[in-house]
Amino acid sequence: DAVQVKDGRKVILKEARPFIVYGEGQTAFSMLENEYKMLVSLEDTGLVPKPLELFACNGNLYLAEEKAEGESLRKYLTHRRGEESKLVVIRKLLSAVEQLVQRRIAWNDLTPNNIMVTEDMEVKLIDFENACSYAECSGRGGAGTKGFYNSDAVPERAPWSQDLFGLAMSILGIWFESAVP
């Protein structure tokens with residue numbers, strides 16, 4: 001958490017350090033650069049925090065983005081909710097994922113940890129370092145949050161298949177009030 005000095009806006013700073021490699025062609029720097037690119041491409045949807053700046057400082061790379069208000073869906077699920085509020089959140093989550101599909105973007109990390117629910121039950125999506133356009137996802141492996149990532153998936157599957165799996169698990173979690181179905 002941080003504060004933007006010029007206007008007092010609440011922001012998040014994400015840091016990437018050099019020499020950290022997650023896999024072939026995936027470094028901490030490339031993943032943070034990718035997240036910035038994805039946030040910029042989705043900024044007009046209102047579904048993601050506004051990307052403010054990608055900058056280097058003291059050999060590290062930083063992404064400054066607007067802080068997504070609300071609480072994670074995981075935390076949201078710790079409070080008993082009525083069926084109507086659950087349906088509202090499910091519909092908004094379905095709409096959000098539909099917008100990703102329309103833009104041909106695979107999020108690849110759809111988990112209650114990365115879905116923010118605002119006080120007025122709007123949905124914000126965070127953590128796009130693993131995201132890719134459908135054209136760039138081909139043959140790409142990866143990792144995700146246990147229970148929300150299909151570890152049996154093969155790279156030849158459709159780019160949106162991991163999002164569909166995470167969406168199904170998240171909806172089950174919302175309905176049964178459990179962060180991990």
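Some points to look at:
- Which of Lys67, Lys86 is most accessible, then next, and so on - probe 1.4 Å: Lys67, Lys86
- For segment 94-127 versus segment 53-77, the inter-centroid distance based on Cα atoms is 15 Å.
- Probe 1.4 Å, protein heavy atoms only - accessible area per residue of the chain in square angstrom: 55
- Sequentially through segment 113-122, phi angles give Karplus couplings (6.51, -1.76, 1.60; θ = phi - 60°) of 5, 10, 10, 9, 10, 7, 4, 8, 6, 7 Hz, Gly and Pro residues having no value and appearing as x.
- Database note for the chain: Cys without another Cys beta carbon under 4.7 angstrom, Cys57.
- Dimensionless Rg ratio for the chain, taking C-alpha atoms and the 2.2 N^0.38 Å reference: 1.04
- Two-site label geometry, Glu33 and Asn58: point separation in nm, points 7 Å out along Cα→Cβ: 2.3
- The chain, accessible surface, carbon-and-sulfur percent (1.4 angstrom probe): 53
- Interchain or long-range residues, amide H under 5 Å from Leu52's placed H: Ala64, Glu65, Glu66
- The mean sequence separation of alpha-carbon pairs under 8 Å and at least six residues apart, normalised by the residue count of segment 1-110, gives a relative contact order of 21 percent.
The values are calculated or read from the model by the stated rules, or taken from the named source; none is laboratory data. These numbers were taken from a predicted model, which means no experiment stands behind them. Neighbour counts run over all protein chains shown; Cβ positions are idealised from the backbone, glycine included. SASA here: full protein model, heavy atoms, side chains in, ligands and nucleic acids out. Shrake-Rupley method; radii C 1.70, N 1.55, O 1.52, S 1.80 Å.
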